[in-house]
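Here is the structure we will look at.
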Amino acid sequence: MNSATSGRRLRSVQVMLAVLAVSLTFGLILSVIGGGGGPAPSQQTPSTEPGRSVAPGERMPGVPETPVDELETFDRPSEANADRQLDYQPSGAPSVEFPDGLGSLAAYAAQDLEWRSCDEGAAACVTVLAPLDWEDPEGPAVEIALRRYEGSDGSLGPLFVNPGGPGIGGQDFAGSLVGMGWDGYDIVGWDPRGTGRSTAVQCGTIDQTDAIFELDQSPDDDAEDQLLRDGHRDFAQQCRDASGPLLDHLSTIENARDLDLLRHLLGAPKLDYVGVSYGTFIGAVYAQLFPGSTGRLVLDSAVDITDSDDAPPQAMGFERALTEWASWCGDTDECFLDGSAEQIKGQISDWLKRLDAEPLAVGDRKLTQTYAADGILGYLYSTDEAYPYLSEDLQAAMVDSDGEALLGVSDAMNGRSPDKYETDAFAFPATLCADHYDEGADPVRERWRKSFELAPTVAPNTGIAYFCALWTADSAPTLRITAKGAQPILVVGTTGDSATPYEHAQTMAEQLESGRLLTLEGAGHGAIDTENRCLRKAIDEYLLEGVLPAEGTVCS
């Protein structure tokens, strides 16, 4: 087994606010600036589907083929999670309520599905129960909400889909994939535990959460650093107060076990699946736990599963994407800035640093350095089609002192609506910290400063986070994922991916024993909805016929 420090663990946390909305790739940004939706599927009728009992000798759904504690893991340093508030005790009862459990794994496997019409009749929805603690099925349950869009014939069964995050529900994502030509499948999206309409993580009020997010996330001195630590400590306690034991059961291992139960309840002998970004981690973990039940998996915009300090940090991916935008900006009349890419990035960085001292008033709120940086990164999730919109919003803020549009994109990234925060803002750190260990609070600031060399514009301005270092729950084992025994798995990587650098797709395809890499040359995070004919053909042939693209296929 390999050893790893927490350096890689915390790199993804450093731009925490920027990762919350991987679904931007599929229309969130364009909806903020005036985009449209996809085609509506056919009407569906509510129905009751009887439960599916498990035959004698058959594996119980949700039970890994090899027990988790017998799977190979990466080594965890002795100082892992040293400063987490594992002894914190809430003063009152949590606001998250748990339904009564069904008492046994067999009962969970045999539950009836009460489908109801939803999405204006275009889909069918159902809520099922899963054990809060898979190792204690006699305890309370969690609700898992899912939505199904029927294909024209459904001959291939359900195709489960997940847009990433973590913390993003998958039901709307399923609707966005209707019309992709996968009519042999029923497209099924679910809200993973902790998110959306499933039993969801709750934390503080909108005022309490604003107070945390409005802290100076890029501390210039010890006093600002201490304020940030204190704020993140308070945030972790607010989440424990509201969510209680849910925080102890939000790992991707548990999420994958839920997914295996859903597969069984929908009658699929194997899991066919499309996952984007963090969704690739769900798929990879599933294939590790249930290789014999793994069908056709498309893992698009892969996260790092190597546990290596050599993996490119996320901030570097965004720096690359910002450089590409700045190059475009310097070569077109559509952009208000002039100069080389580095000069343009320098102008933006100087402006962001001025916001650190003097935030820009937007109504009764302020566009801070961090909010502005998040808003910029939000556009970089998309393809180069979003480049002019980023220029317009930056010009409004930098030249006209109008930061409303940029703050709006930042709010969409952070899951903030006018009167509340959506579960995205809370489920993201809760799941991230359940999956990854850290080595305490003290090294966080030093590692952040070391990242400036790799991402000189992005890293200093997006700032740091102490969420995991001061969290109130422990982390799950770090599996060494190879998916031995699984069917061929298609890993898709985009060379200019901002949020998950292309190298992650390369290493995921290498580490998965049955992985096959498919490359798209271009920009943007998430390629599953691309209009690139080469990529679409390769994905369609794999999903519909089980035919992998040739080794080394590159679509440009």
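The values are calculated or read from the model by the stated rules, or taken from the named source; none is laboratory data. Keep in mind it's a predicted model, so treat the numbers as computed, not measured. So basically every Cβ, Gly included, is an ideal-geometry build from the backbone, and we count neighbours across all protein chains shown. Accessible surface is based on the protein model in full, side chains and every heavy atom, while ligands, DNA and RNA are left aside. Shrake-Rupley method; radii C 1.70, N 1.55, O 1.52, S 1.80 Å.
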TODO: Among the residues of segment 212-237, write down those that are part of a helix (DSSP H, G or I), polar (S, T, N, Q) and touching a Phe, Trp or Tyr at 6+ places or on another chain (Cβ under 9 Å).
DONE: Q237
Open item on the list: Can you tell me which residue is surrounded by the most Cβ atoms within 10 Å (Cβ to Cβ) among those in segment 112-163 that are under 24 Å from V274 (Cβ atoms) and among the aromatic types (F, W, Y)?
Closed with: F160
TODO: For segment 352-368, state whether one or more residues are open to solvent by 60 Å² or more (accessible area, probe 1.4 Å), in contact (Cβ under 8 Å) with a residue 60 or more places away in the chain and at negative phi.
DONE: yes
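Each row is one residue, and each column tells you yes or no for (1) among the charged types (D, E, K, R); (2) in contact with a Phe, Trp or Tyr (Cβ under 6 Å, 6 or more places away or on another chain); (3) open to solvent by less than 20 Å² (accessible area, probe 1.4 Å).
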position: G440; (1), (2), (3): no, no, yes
position: R445; (1), (2), (3): yes, no, no
position: V458; (1), (2), (3): no, yes, yes
position: I464; (1), (2), (3): no, yes, yes
position: F467; (1), (2), (3): no, no, yes
Open item on the list: Give all pairs with beta carbons closer than 7 Å in which a residue from segment 178-204 that is under 15 Å from G167 (Cβ atoms) meets a residue that is basic (K, R) and in a loop (DSSP other than H, G, I, E, B); count only pairs at least 6 apart in sequence or on separate chains.
Closed with: D191/R197; T199/R193
Task: Members of segment 249-269 that are within 12 Å of A476 (Cα to Cα) and outside any helix (DSSP H, G or I) - done: H249, L250, S251
Open item on the list: Please go through (1) surrounded by fewer than 24 Cβ atoms within 10 Å (Cβ to Cβ); (2) charged (D, E, K, R); (3) at pLDDT 95 or above for D216 and return the number of the only condition it doesn't satisfy.
Closed with: (3)
Task: Looking only at segment 173-192, and only at residues there that are within 14 Å of the chain's Cα centre (by Cα) and not in a strand (DSSP E or B), the one that is nearest to V276 (Cα to Cα) - done: F173
- [ ] Name the one entry in G275, G244, G295, G346 that is open to solvent by less than 10 Å² (accessible area, probe 1.4 Å) and part of a helix (DSSP H, G or I).
- [x] G244
Task: Selection from segment 383-410 of residues that are open to solvent by 20 Å² or more (accessible area, probe 1.4 Å) and touching a Ser or Thr at 6+ places or on another chain (Cβ under 9 Å) - done: T383, Y387, P388, Y389
Task: Complete set of residues in segment 100-111 that are surrounded by fewer than 22 Cβ atoms within 10 Å (Cβ to Cβ) and either not acidic (D, E) or not in a loop (DSSP other than H, G, I, E, B) (or both) - done: G101, L102, G103, S104, L105, A106, A107, A109, A110, Q111
